[in-house]
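Report on the structure given below.
The values are calculated or read from the model by the stated rules, or taken from the named source; none is laboratory data. Please read these numbers as outputs of a predicted model, since none were measured by experiment. When we count neighbours, we look across all protein chains shown, and the Cβ atoms used for this are built from the backbone with ideal geometry, even at glycine.
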Amino acid sequence: PFKGEDLKEQILKLKKEKNAVILAHYYVDAEIQDIADYLGDSLGLAQAAEKTDADMIVFCGVHFMGETAKILNPNKKVVLPDLNAGCSLADAAPKEEFAAFKAKYPDAVVVSYINCTADIKAMTDIICTSSNAVKVVESIPADKQIIFAPDANLGRYVAKKTGRDLILWEGACIVHIDISLEKLKKSKEENPNALLIAHPECKEIILSQADFVGSTTALLNFVQTSECQEFIVATEAGILHKMKTAVPHKTLIPAPANEKNSCACSECPYMKMNTMEKLYNAMFYELPEIEVAEEVRIPALKALKAMLEISK
Ligand code: 13P
Ligand code: SF4
């Protein structure tokens with residue numbers, strides 16, 4: 001029944017009444033980013049979820065992020081505006097197949113990217129995000145074999161950075177691998193003064209041409225600290241909203257996606273399932289709620305805590 005400013009006010013009112021906190025990833029729509037109590041990348045959001053004293057966490061992101069918040073806060077209610085907001089990386093690693101893969105390397109340390117299900121986290125020794133993947137891998141003794149899952153592009157990037165030989169699970173982010181090399185080359189020709197900055201979920205061929213590679217937050221920091229005035233941004237386009245507010249005088253060009261993508265730039269269809277209406281309903285009805293079974297939550301928490309400990 002509510003629209004525009006009215007809807008925004010109602011969300012803020014409900015938030016107060018229910019002692020709720022709104023956590024949002026940089027890839028959700030701008031109006032949701034603007035209403036969030038905490039806006040961040042995957043690591044920042046996990047840290048914020050760990051710290052909150054709210055009674056209800058409303059996670060404007062995707063399912064694995066809501067699960068992560070629940071793993072850290074078993075006694076709090078965690079709701080997601082749309083339960084269908086999944087992730088191609090989480091989908092790429094089904095529980096049974098991953099268990100069989102892991103069984104082939106019984107002595108390997110398992111490092112999993114936070115973009116995976118709670119079941120995979122429970123089979124993991126230490127979680128990482130794109131912000132700390134290099135640090136996490138470097139923390140593992142050199143004589144240990146390492147399984148890295150589920151993002152093979154991030155894995156290849158980390159292997160190159162650390163010189164470690166990683167056993168990769170071949171998952172990918174549909175959004176980042178959809179960035180078109182051909183169109184990107186054209187964009188670089190048209191904008192010769194622009195630096196190409198890219199997220200490590202992109203394909204190796206894109207990363208090899210990038211002037212800077214980093215997580216969502218690292219890319220945001222880079223445009224603020226670099227002396228350069230123009231950037232081609234090879235990641236999900238939602239981050240441009242925050243970048244534009246941080247550096248309004250600089251030129252930010254979203255990296256072009258392939259034809260099959262419905263928009264000219266890269267957009268995550270799952271992140272975009274979050275809307276202000278669904279956010280309101282999730283808060284009002286306190287649904288849909290994220291649940292994680294204790295036998296999964298306990299080992300998953302151990303792997304998450306191992307990451308949070310070295311990322312302080
Ligand atoms: P970061 O938030 O770690 O940059 O990861 C990007 C992403 O794809 C989140 O789903
Ligand atoms: Fe998953 Fe990629 Fe969407 Fe992030 S951008 S939620 S990795 S599909």
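Please find, among SER208, SER226, the residue that is out of contact with any helix residue (DSSP H, G or I) (no Cβ under 8 Å at 6 or more places or on another chain), without any contact (Cβ under 8 Å) to a residue 60 or more places away in the chain and within 19 Å of VAL158 (Cα to Cα).
Sole residue among the options that is out of contact with any helix residue (DSSP H, G or I) (no Cβ under 8 Å at 6 or more places or on another chain), without any contact (Cβ under 8 Å) to a residue 60 or more places away in the chain and within 19 Å of VAL158 (Cα to Cα): SER208.
Of the conditions (1) out of contact with any Pro (no Cβ under 7 Å at 6 or more places or on another chain); (2) of a type outside the set (Val, Ile, Thr); (3) in a helix (DSSP H, G or I), GLU291 satisfies every one except a single condition; which number is it?
Every condition holds for GLU291 apart from (3).
Conditions first: (1) within 15 Å of GLY238 (Cβ to Cβ); (2) without any contact (Cβ under 8 Å) to a residue 40 or more places away in the chain; (3) within 16 Å of ligand 2 (Cβ to nearest atom). ILE120 passes all but one, so which condition is the exception?
With respect to (1) within 15 Å of GLY238 (Cβ to Cβ); (2) without any contact (Cβ under 8 Å) to a residue 40 or more places away in the chain; (3) within 16 Å of ligand 2 (Cβ to nearest atom), ILE120 is out only on (1).
Pairs please, first residue from region 33-49 and over 17 Å from ILE239 (Cβ atoms) and not assigned by TED's automatic domain parsing to the domain that holds THR245, second anywhere and part of a loop (DSSP other than H, G, I, E, B) and within 11 Å of ligand 1 (Cβ to nearest atom), Cβ atoms under 7 Å, 6+ apart in sequence or on different chains.
Listed pairs, sorted by first residue: ALA46/ILE114.
Of the conditions (1) surrounded by fewer than 22 Cβ atoms within 10 Å (Cβ to Cβ); (2) part of a helix (DSSP H, G or I); (3) β-branched (Val, Ile, Thr); (4) within 16 Å of ligand 1 (Cβ to nearest atom), ILE205 fails just one. Which one is it?
Failing condition for ILE205: (4).
Give just the number: which of (1) without any contact (Cβ under 8 Å) to a residue 24 or more places away in the chain; (2) touching a helix residue (DSSP H, G or I) at 6+ places or on another chain (Cβ under 8 Å); (3) of a type in the set (Lys, Arg) does LYS160 not satisfy?
If we test LYS160 against (1) without any contact (Cβ under 8 Å) to a residue 24 or more places away in the chain; (2) touching a helix residue (DSSP H, G or I) at 6+ places or on another chain (Cβ under 8 Å); (3) of a type in the set (Lys, Arg), just (2) comes out false.
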